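Reading through the structure tokens given below for one structure.
The values are calculated or read from the model by the stated rules, or taken from the named source; none is laboratory data. Keep in mind that this is a model prediction, so the values were computed, not measured. Cβ: placed from backbone, ideal geometry, glycine included. Neighbour counts: every protein chain shown.
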Amino acid sequence: MSSTKRVGILTAGGDSPALNATIRGFGKSAIGEYGMELIGFRDGVTGLVENRYATLDGKALSGILTVGGTILGTSRDKVHKFPTADGPVDMVPTVVQNYEKDKLDALIMLGGGGTAKNANRLVEAGLNVIHLPKTIDNDIALTDTTFGFATALEIATEAIDRLHSTAHSHHRIILTEIMGHRAGWLTLGAGIAGGADIILLPEIPYTVESVADTIKERTRRGSTFSVVAVAEGARDVGDTADYEAAQLLVRNAKTPEAQRAARTHLANVENAQREHTFKLAKELEAATGLEARVTILGYVQRGGTPSAADRLLATRLGTAAADLVADGEFGVMVAARGDGTQPVPLKEVAGKVKLVPADHEWITAARKVGTGLGD
Ligand code: F6P
């Protein structure tokens, strides 16, 4: 048997800055330091199931540190509910077969919360898996931060900076919708760094009255414009109650029919709330008499070259994962801890979401500088 370790790597979930920097960090160390062989699966879990991959050598890893997206491609497919013409199928056994056929000693999975769950399923099936925490949302439990977040923070902050001057010139309210799924880290960070007048987060349901009062108070003090940073998951008190009630129905549904009906209801509620930032803009116009405009930052937050902070984090996490493969330590996520890294058992991470705690010091700091949080 060869002593050379053969390792697979993939990127899964939504793309994010520094995926390539992380592939490079892992690959250069795995190949250069430890003499391992590396293959890259295409399009996340899809390529793993379909056994589509390419060998990654030094040449393939060169010149990608600064490149946005992922050279491997990505998808949101799940191993246990893989889409087929006959409906979703559990492909964990297929992945195990491919892993054996490809003679792998380890599999490195770069991704967010969904990928952590997929990775844990493969750990439970007996594979040697290491997960590296990626997401612009920064919502993965038990790690200080995730790669992609720092870059998205820079992009969203710059957008708020730029929106300030146009809001000021036109005496308008400008609402900017920022990604983050159901977590408010990106909006809170960018809102503070960009000096947004109001920051609305999923973790703090707002009332239109409170937001309007903050704007009217600013007008009384002579500021004829306001910049509102709105998390894509932020909702007013009423919509939050509707959403939570729909989620509860799904959790409590006992029969398959009840589950189907509850899921359809939840999807309808989510759909009805999709345009929430535009709805808020109209409500604020009516309540304040000021003109309002909406800017949805969207995928620009995920694209392009990673920041220096993300390149550094990616290289630290990637090289730490290569050390773990060399040491034979698996079934973990490589967490960022201060200046170092720490392996955390995947079963402790999978299925958890890190939201902004109400007493987090970013929240306290925002309140202390007079930022409205809509509550
Ligand atoms: O998780 C990253 C993220 O960009 C979220 O902020 C956002 O809610 C979601 O992905 C968008 O997903 P998709 O790429 O499937 O549209």
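Remarks
- Answer residue from region 159-175, given it is among the β-branched types (Val, Ile, Thr) and buried (at least 19 other Cβ atoms within 10 Å of the Cβ) and is nearest to the ligand (Cβ to nearest atom) among those: Ile160
- Filtering region 93-116 to residues that are of a type outside the set (S, T, N, Q) and surrounded by fewer than 20 Cβ atoms within 10 Å (Cβ to Cβ) leaves Pro93, Val96, Glu100, Lys101, Asp102, Lys103, Leu104, Asp105, Gly114.
- Single residue of region 14-40 satisfying the filter (in a strand (DSSP E or B) and surrounded by fewer than 20 Cβ atoms within 10 Å (Cβ to Cβ)) that is farthest from the ligand (Cβ to nearest atom): Glu37
- Conditions (1) in a strand (DSSP E or B); (2) surrounded by fewer than 24 Cβ atoms within 10 Å (Cβ to Cβ); (3) within 16 Å of the ligand (Cβ to nearest atom); number of the one not met by Gly69: (1)
- Selection count where residues are closer than 14 Å to Val325 by Cβ and touching an Asp or Glu at 6+ places or on another chain (Cβ under 9 Å), scope region 1-21: 5
- Only one entry of Ile178, Ile140, Ile130 meets the criterion of being more than 16 Å from the ligand (Cβ to nearest atom), crowded, with 24+ Cβ neighbours inside 10 Å and aliphatic (A, V, I, L, M), and that entry is Ile130.
- Residue list for region 295-317, filter: touching a strand residue (DSSP E or B) at 6+ places or on another chain (Cβ under 7 Å) and either more than 16 Å from the ligand (Cβ to nearest atom) or hydroxyl-bearing (Ser, Thr, Tyr) (or both): Thr295, Leu313, Ala314, Arg316, Leu317
- Test for Thr224: is it at pLDDT below 95, away from the ligand (no atom under 16 Å from the Cβ) and over 22 Å from Ala365 (Cβ atoms): yes
- Members of region 187-209 that are part of a helix (DSSP H, G or I), among the hydrophobic types (A, V, I, L, M, F, W, C) and farther than 15 Å from Ala358 by Cα: Ala190, Ile192, Ala193, Val208
- Condition met for Ala212 (part of a helix (DSSP H, G or I), touching a residue at least 24 places away in the same chain (Cβ under 8 Å) and of a type in the set (Gly, Ala, Ser)): yes
- Region 273-294, residues that are more than 16 Å from the ligand (Cβ to nearest atom) and either in contact with a helix residue (DSSP H, G or I) (Cβ under 8 Å, 6 or more places away or on another chain) or modelled with pLDDT under 95 (or both): Leu280, Glu283, Leu284, Ala287, Thr288, Leu290, Glu291, Ala292, Arg293, Val294
- If you go through region 232-261 and pick out every residue that is of a type in the set (Gly, Ala, Ser), free of Cβ contacts under 8 Å to residues at least 40 places away in the same chain and either touching a strand residue (DSSP E or B) at 6+ places or on another chain (Cβ under 7 Å) or surrounded by 17 or more Cβ atoms within 10 Å (Cβ to Cβ) (or both), you end up with 1.
- Only one of the numbered conditions (1) surrounded by 19 or more Cβ atoms within 10 Å (Cβ to Cβ); (2) within 30 Å of Asp15 (Cα to Cα); (3) away from the ligand (no atom under 16 Å from the Cβ) is violated by Ile215, and that is (2).
- Residue match in region 166-182 (condition: in a helix (DSSP H, G or I) and over 24 Å from Lys282 (Cβ atoms)): no
- Region 21-60, residues that are within 24 Å of the chain's Cα centre (by Cα) and aliphatic (A, V, I, L, M): Ala21, Ile23, Val45, Leu48, Val49
- Selected residue [assigned to a strand (DSSP E or B) and within 15 Å of the ligand (Cβ to nearest atom)] from Ala229, Ala156: Ala229
- Thr66 vs. criteria out of contact with any Leu (no Cβ under 7 Å at 6 or more places or on another chain) and of a type in the set (Val, Ile, Thr): yes
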